[in-house]
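Participant: Would you mind keeping the following structure in view while I ask a few things?
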């Protein structure tokens, strides 16, 4: 379904109405994962490994089961056997089998009549461990002699001679690297490291599960994608997908971290073991930090060459990605997107997916892209500085445009990188004067976006009101954008549309709200379904008027004769057609089931001003500008919100957030006090400019906007700190002690 | 273990519950009184999602025991609107798109209301420091700050 060129002027798209779920969410009525209770429910608690790596010798739950009110204990023995690949990884991560693979890995779970009793009972489960050597650093994990997390986990891609902890190898390139570097007047080569960061959603994972001994079950949970949850839970438990109905609660943030499961199969297993009694399971914050999420951490080597006038001649990168005790670090995305902003003839990248004794990494907003952007955009900035070229100009000179061959292979489609750079250059922030110890940083970033399996339905009510049903949970205002697109297509008021998020029994399969796909793919599905309704209503009008259906057009919520030749009839409103539908052929609804592939990527450019306190090393963000291509901003406030939220998550990752492991392999900072996400007093307002270069693959030009925004902040801030201090930092986060040490070292050098 | 009988006032209504001595006020408000708008984000007083007022003072309900509510006046998000009339803060949060997922919103609204009662005309900096105990992971705080400042201006005009 291509861009609808016939409708350049929109009545509703681009306006900012109140979101349909706003009232519920400001009054406390909205029901999130932990907000549903079932009559007679039990409460679950999970016992987790205190060791980074240990063989589970035995588990004795007799003391726990002896407590009055304890109804069930499950271990890995209560899950399906014989799983392979991603299903096995998911199951093993939810409940350890032979070994505990990281601090916080679940080893047993209990269900009891109260939450406190369940926690007490979990403590009474006795586990005998044989402690094994562990490794938590990516570079250490690749070295000869490093503890092997799991032999045989590597796939076919890994060349001979690498440590068994390297489980995937990825290589991509083109041109002649040697010739490219020979052409360069300046070559910069540097190594970079980023630490794991957590998605940090404020709502811990929570669910209410019921599974009978007949194999039929229901699950209520906070998730970005309940069909994914259904597939994973049924695989883990060995039941058919259709036997489990999953209903998504409102979701309290996800950012990628709620596209998989951690506790849901455990709660279902407990319920089954307790004879089908519902079990509620809610994670604590420390469980969230120890056993869910985080991103991969990365260790990277970058080499780039440039001519005196700022043309990039060659680029190469090595990316070692640590994804916890399982395969799956986003090594392909990291490598592919590393240099994706630029037109480079000669480029080569290599990626390693490396296992360590850490929690299984999960997707986090543009998974894999921010790390590579940090490394690559830092080097580009250093080269621009050395050559005395403006950092925006160097990007304007090398930035990709439609028709270029991308660094990772495909031809570049219609994109808006240059437009974001020009808008950044024209913004007053770029000309704001800077004082002592202050610096400005620039970086661009990219996310290719996604379409994915999408199913939606639009139904006309008896009064002409419209019910839109989608399968992508509303994580940041998507009900509003769905309602706007439906109302625009029908030509009816926004308020006449109600958007529902369906359970897994009510639509075909849907991928989660991930990959920046909801407004693009579910939006396209809603528009297409609405058009099917319109077509059916035009037929009803044609039959009533006894004219050819082709002689009926739809305009502003009315069926009308298409011209004087079609006949002279009073237009029929959607309400009039709907009121008669039972007598004119029955229900009117439209459906969409497909995986729209013409998603368009989104580029963004960020400009940040910082001040670094030379006494303490503390970095303060003075000004922050996000410029990003939205294709078409359906509800601009929520587009700005995505820009601002992505930028601030990036600020946290750049300045504060990190997983800190002790020598014992235990996570040292599993509470929000120590895992410090940005707070209101850390930040200025986040300025935004929405660039609109329409995506030709969407009827209204939409591009996904959610993920790109976290890609530029890491390098933009590092570049600003470099400008403020004269010191190039290559390891994140830029915490005050690290920056202070860097400043002091530079002074003594 | 024997339970403690508590009589307290929640949003102006007298309520009674029995609680385990270890249960937090947050647990009691959610599980015993049914105030599900009070959210748990951390359980350690770091995120502010469970913000309520106790005798007019802003507290993290996860840091107070349910038994300590005896004889107190508790205020939660459920008591913020006046019947069908939203509090100006609630209205401005919707208008400014100051929430995305909405899980932190009840706590932030309760905290912001507590500030405006003490200081009807806060500077942006004062507001940012007051709300520093309320984590929001979605918005980057920009629209939250704008919504509170706008509500405060309207409330000053109306008073």
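Coordinate-derived values only; no laboratory data. All figures in this text were calculated on a predicted structure; none of them were measured in a lab. Here the Cβ positions follow ideal geometry from the backbone for every residue, glycine too, while neighbour counts run over all protein chains shown.
Participant: Per the helix-only calculation at 222 nm, which mean residue ellipticity applies to the protein assembly as shown, given -39500 (n - 2.57) for every DSSP H run of n ≥ 4 and division by its residues, nearest 500 deg cm²/dmol?
Facilitator: It comes out at -8500 deg cm²/dmol, rounded to the nearest 500.
Participant: OK, next. How would A:395, A:150 line up from fewest to most surrounding beta-carbon atoms within 10 angstrom?
Facilitator: Placing the least packed residue first, the sequence is A:150, A:395.
Participant: Suppose the chain between residue A:128 and residue A:660 were pulled fully straight at 0.36 nm per residue; how much longer would it get relative to their current alpha carbon spacing? Don't jump to the answer; show the numbers that get you there.
Facilitator: Values: separation 532, 0.36 × 532 = 191.52 nm, distance 2.64 nm.
Residue separation times 0.36 nm, minus the Cα-Cα distance, leaves 188.9 nm.
Participant: Of B:56, B:107, B:75, which has the largest mean-square fluctuation in a 10 Å C-alpha GNM of chain B?
Facilitator: Comparing B:56, B:107, B:75 in a Gaussian network model of chain B, the most mobile one is B:56.
Participant: 7 Å from Cα along Cα→Cβ at both residue A:83 and residue A:216: what's the point-to-point distance in nm?
Facilitator: Simple spin-label model gives 2.5 nm for this pair.
Participant: Identify which of B:52, B:15, B:148 has the largest mean-square fluctuation in a Gaussian network model of chain B, with springs joining Cα atoms closer than 10 Å.
Facilitator: B:15
Participant: Sticking with this structure for a sec: In whole angstrom, and with the biggest value first, how far do the Cα coordinates of the stretch A:1-156 range along each principal axis?
Facilitator: Extents along the principal axes, in whole Å: 68, 50, 29.
Participant: Report the residues of the stretch B:125-148 in range of a label on residue B:158: point 7 Å along Cα→C-beta, backbone N strictly under 17 Å from it.
Facilitator: B:147-148
Participant: Now for a different question. Specify, per residue and in Å³, the volume enclosed by the convex hull of the alpha carbon atoms belonging to the stretch A:346-469.
Facilitator: Cα-based convex hull of the stretch A:346-469, divided per residue, equals 269 Å³.
Participant: So, one more: On the first, second and third principal axes, largest extent first, how far apart are the outermost C-alpha atoms of chain A in Å?
Facilitator: Per principal axis, max minus min of the Cα coordinates gives 88, 76, 49 Å.
Participant: Report the gain in length on full extension from residue A:568 to residue A:151: 0.36 nm times residue separation, minus Cα-Cα distance, nm rounded to one decimal.
Facilitator: Once the chain is fully extended between residue A:568 and residue A:151, it gains 142.3 nm.
Participant: Give the order of B:5, B:96, A:51, A:591 when sorted by the count of other beta carbons within 10 angstrom, beginning with the fewest.
Facilitator: Values: B:5 11, B:96 22, A:51 26, A:591 17.
Starting with the residue having the fewest Cβ neighbours, the order is B:5, A:591, B:96, A:51.
Participant: Let me ask something additional. The stretch B:4-79: percent of C-alpha pairs farther apart than 14 Å?
Facilitator: Of all Cα-Cα pairs in the stretch B:4-79, 51 percent lie more than 14 Å apart.
Participant: Which residues among the stretch A:454-474 fall inside the zone where the amide N is under 15 Å from a point 7 Å beyond the Cα of residue A:495, along Cα→Cβ?
Facilitator: In the stretch A:454-474, the label zone of residue A:495 (backbone N under 15 Å from the point 7 Å along Cα→Cβ) covers A:465-466.
Participant: While we're here: For the stretch A:234-348, just list the percent of Cα-Cα distances falling in each 5 Å bin from zero outward, please.
Facilitator: 2, 8, 13, 15, 12, 12, 9, 7, 7, 6, 4, 3, 1, 1, 0
Participant: So what's the stretch A:378-438 giving for Cα Rg divided by 2.2 N^0.38 Å, two decimals? Write down the numbers at each step before the final one.
Facilitator: Numbers: Rg = 14.3 Å, N = 61, 2.2 N^0.38 = 10.5 Å.
After normalising by residue count via 2.2 N^0.38 Å, the value is 1.36.
Participant: Sorted from largest down, what three extents in whole angstroms do the Cα atoms of the stretch A:568-671 have along their principal axes?
Facilitator: 81, 38, 26
Participant: Once you place label points 7 Å from the Cα toward the Cβ at residue A:58 and residue A:396, how far apart are they in nm?
Facilitator: About 7.4 nm, to one decimal.
Participant: Checking a compactness column here: for the stretch B:88-158, what do you get for Rg(Cα) / (2.2 N^0.38 Å), N being the number of residues?
Facilitator: Working it through for the stretch B:88-158, the quotient is 0.97.
Participant: Find the all-direction average of the projected area of the Cα convex hull for chain B, expressing the result in square nanometres with one decimal place.
Facilitator: One quarter of the hull surface, i.e. the mean projection, equals 9.1 nm².
Participant: Take residue A:182 and residue A:67, extend 7 Å from each Cα along the Cα→Cβ direction, and tell me the distance between the two endpoints in nm.
Facilitator: 7.3
Participant: Please list the equivalent ellipsoid semi-axes of the stretch A:665-724, computed as the square roots of five times the alpha-carbon gyration tensor eigenvalues, in descending order and whole angstrom. Don't skip to the end; give the middle numbers.
Facilitator: On the way: eigenvalues 212, 66, 34 Å².
Result for the stretch A:665-724: semi-axes of 33, 18, 13 Å.
Participant: State the three equivalent ellipsoid semi-axes of the stretch A:613-714, derived from the C-alpha gyration tensor as the square roots of 5 times its eigenvalues, in descending order and whole Å.
Facilitator: 33, 17, 10
Participant: Continuing with the same structure: In what order do A:599, A:374, A:643 fall by count of nearby beta-carbon atoms within 10 Å, going from fewest to most?
Facilitator: Placing the least packed residue first, the sequence is A:599, A:643, A:374.
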